[in-house]
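Structure first, then comments.
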Amino acid sequence: MEFKGKIKKFLMKLQALEGVEGCLVAMRNGNVLESLVPHDLDVGRLAAMAASMLGAAEVAAETIRRGVARHLTLETEGVTLLVTGAGSKAFLLILAAKTATPHLLKDIEETCKAIAEALP
């Protein structure tokens, strides 16, 4: 199975988890590889902003010398946005209900490892 097919399968598995409203995988430059997000969202814009935010968070983590950034969390009134690096080439973004976030972290971590391994 080609890597885009594998990534789509990973996203479908995450999308099936309780509380997940959408997810996407993009390259570190913001180019979307695959997405399962509500149709009313601008996926390209979301991925570009997430790439920028993750890059800034990783630089901040390096600056404070307390280890690497594990994930970036943005909480809004209606949803939590989680962005996690998936190796050096890509990242995973999850839109989830606030109450689901703590329960998703293990699944997100495992999926990021699988995505990193699937990328050429």
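Quick rundown of the values:
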item: Matching entry among Pro120, Pro38 (being part of a loop (DSSP other than H, G, I, E, B) and closer than 18 Å to Lys4 by Cβ); result: Pro120
item: Within segment 66-81, considering residues that are part of a loop (DSSP other than H, G, I, E, B) and among the charged types (D, E, K, R), the one modelled with the highest pLDDT; result: Glu77
item: Single residue of Glu2, Glu34 found to be surrounded by 16 or more Cβ atoms within 10 Å (Cβ to Cβ), charged (D, E, K, R) and either touching a Phe, Trp or Tyr at 6+ places or on another chain (Cβ under 9 Å) or modelled with pLDDT under 90 (or both); result: Glu34
item: The listed residue being of a type outside the set (S, T, N, Q), free of Cβ contacts under 8 Å to residues at least 40 places away in the same chain and touching a helix residue (DSSP H, G or I) at 6+ places or on another chain (Cβ under 7 Å), out of Leu92, Leu105, Leu82, Leu24; result: Leu82
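The values are calculated or read from the model by the stated rules, or taken from the named source; none is laboratory data. Remember, predicted model here, so these are calculated numbers, not experimental data. Note that we place each Cβ from the backbone using ideal geometry, even for glycine, and neighbour counts take in every protein chain shown.
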